[in-house]
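Bear in mind these aren't lab numbers, they're just calculated from the coordinates by the rules spelled out. Treat the numbers as computed from the prediction; the structure is a model and nothing was measured. FYI the Cβ positions are ideal-geometry reconstructions off the backbone, even for glycines, and counts take in every protein chain you see.
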Amino acid sequence: MLPDLKLSYYNFAIPYPEKQVYIIYNSLSNGMIELDWETGLIVSKLNSMEIHYLDADVIEVLQRNGMIIPREIDEFVEVKKRADTNRATCDRSDTLFMVISPTNTCNMNCPYCYQGDKTPGEEDTKYLGPENMEAMKKMITQIVYQPHATPIKNIRIEWFGGEPLIRKKTIAEFSEFVIALSKENGIDYQASIITNGTLLDVATFDMLEKYHIRDLQITIDGSKEMHNSMRYYINGKGTYDRILDHLSRMPFGKFYVTIRINGDKAVYRELEGMFDDLEAKGIWPQRDSEVTFSWSPKFYNFLGYNQDKDVYYTSYEYQKSKEDFTKLKVERFNRWASQHSVATKRLNFAYPSFAEFYCGTVESPNSISVDDSGYIHKCYNTINDKTKRIQHVSEFDPTQPGMDYYRHFDKTQQPDCRTCKVLPICEENCNMRFVSNAESKVCSAWKYFMEERMRAIYDYNFTEEQDAHTMIARNGTVETC
Ligand code: SF4
Ligand code: SF4
């Protein structure tokens with residue numbers, strides 16, 4: 001009997017019958033070991049009173065990886081401490097992150113667009129005019145120069161909308177100001193843009209390069225027919241061909257493009273057509289180092305809409321579709337690679353990372369989203385919701401209580417999360433989803449696919465030649481004992 005020891009609450013015993021081993025993983029320590037089948041089976045059925053049945057060397061390995069712990073330890077105290085520490089780290093962020101919507105208007109008229117009420121109110125300008133621009137410059141200067149516990153070392157600007165490229169002059173003027181401010185103060189500056197891609201002609205690429213706007217996110221929703229049924233100009237004409245033409249003419253080696261796919265079950269069925277066209281235009285896989293994808297499933301009940309259960313995803317389906325998309329992407333890449341004498345890729349899952357618990361964008365005092373009338377929001381996903389305005393840039397006060405709105409929740413106290421065994425590695429950290437509508441919360445892929453992913457990670461890292469006690473250490477690197 002070993003009365004001073006107990007099993008960790010965060011253990012996972014994952015059988016791998018084909019390899020005749022058990023993978024033992026602990027989400028609090030992030031440690032993973034393999035045990036032979038018989039020992040693993042015993043560990044999987046063990047209770048804390050029975051630890052003495054194990055051999056001393058097995059107990060030692062399990063202890064070293066946080067799977068057996070001193071009985072007096074309350075592991076949840078450690079989880080809470082990590083969450084509080086992460087929150088405090090956001091408070092000291094040395095990055096000033098601004099999301100700016102130069103206009104809420106758009107040259108497209110997508111029916112699913114969530115960009116809010118487009119009817120201008122009396123105080124609305126519909127675009128960032130000269131007064132708002134001056135106020136924004138004053139605000140950013142104030143943030144950089146104010147005596148600050150953590151001096152600003154990085155500035156990141158993301159242009160958002162509406163369609164931000166409708167207001168190229170605004171982007172140019174503010175970028176010039178911020179680039180000069182950054183240079184004067186030794187600050188690293190980078191910028192990105194979320195655009196519908198219809199205005200990306202050669203001159204616009206030049207402009208983006210000039211203002212260091214290197215990361216572009218462009219939406220393509222599946223095949224031509226599917227995309228054009230949802231993403232069309234105000235006159236109803238589809239945008240697919242125009243976007244692909246622009247992407248095919250993107251200068252080499254200057255930009256990173258993320259193709260966002262606002263996915264539902266119908267769009268998923270139409271992805272092959274999109275991949276065919278991207279390949280025919282030489283965009284992807286040919287430019288794999290510059291072009292990537294973000295499969296963004298629309299899930300059930302997000303912000304109280306998307307209620308069609310036959311089309312939209314539940315939390316599980318959301319994560320499953322992401323896994324499926326990754327597999328499809330690797331298949332498509334390898335099909336092309338094998339025809340062009342290019343090395344194929346192997347699907348692997350990243351080893352888990354420790355959770356951050358909260359969204360850095362709403363937690364950091366140096367993170368601000370500005371709408372097209374100069375009003376500040378904390379979460380950029382509300383930038384077109386007039387009810388979520390906190391204050392105007394001309395009256396910027398970082399201590400305004402509204403700036404803390406999304407910080408009024410504690411993930412570790414959410415009933416589901418508090419008892420969840422993947423909480424220490426849960427990557428789903430959207431404060432807004434929790435605060436505004438708990439039903440729209442998405443759970444971690446680790447909750448649904450722990451066993452499948454861990455077996456893949458095991459296959460990738462453990463080879464026949466390695467001895468039986470090879471393990472992946474807490475930081476995810478391979479350690480041999
Ligand atoms: S939607 Fe969620 S993750 Fe995105 S900025 Fe808002 S709070 Fe953060
Ligand atoms: S997987 Fe779901 S229940 Fe578990 S911690 Fe993450 S959000 Fe909470």
Excluding residues fewer than 8 positions from K237 in its own chain, the lysines with Cα under 18 Å of it are K224
If R₀ is 35 angstrom, what is the calculated FRET efficiency for the pair N47 and N348, using the beta carbon separation as r and rounding to 0.05? 0.55
Taking a virtual spin label 7 Å from the Cα of T39 along the C-beta vector, which residues in the range 64-97 bring their backbone nitrogen under 16 Å of it? 64-68
Helix-derived [θ] at 222 nm for the chain: sum -39500 (n - 2.57) over DSSP H runs of at least 4, divide by residue count, nearest 500? -10000 deg cm²/dmol
Over 18 Å (Cα to Cα) among K265/K320; K320/K441; K265/K447; K327/K421; K298/K320; K322/K378 -> K265/K447; K327/K421; K322/K378
Estimated FRET transfer efficiency when R0 is 60 angstrom, pair R418-A203 (beta carbons, to 0.05): 0.65
As a percent rounded to 5, the proportion of antiparallel DSSP bridges among beta bridges in the chain is 40 percent
Residue span H408 to N154: 0.36 nm per residue of separation minus Cα-Cα distance leaves a gain in nm of 88.8 nm
What is the spread of the Cα atoms of the chain along each of their three principal axes, largest first, in whole Å? 76, 58, 45
Once label points are set 7 Å from the Cα along Cα→Cβ at both Y112 and D324, what is their separation, rounded to one decimal in nm? 1.4 nm
Work out the FRET efficiency for S341 and T89 from their Cβ-Cβ distance, taking R0 = 56 Å, and round it to the nearest 0.05. 0.75
Spin-label pair D459/V435, simplified geometry with 7 Å Cα→Cβ offset, distance in nm: 4.2 nm
Listed residues I152, N429, F349: farthest to the positive end of the dipole of the chain (Cβ charges): I152
Protection proxy ranking, peptides 426-436, 70-80, 155-165, 38-48, average beta carbon neighbours within 10 Å, highest first: 155-165, 426-436, 38-48, 70-80
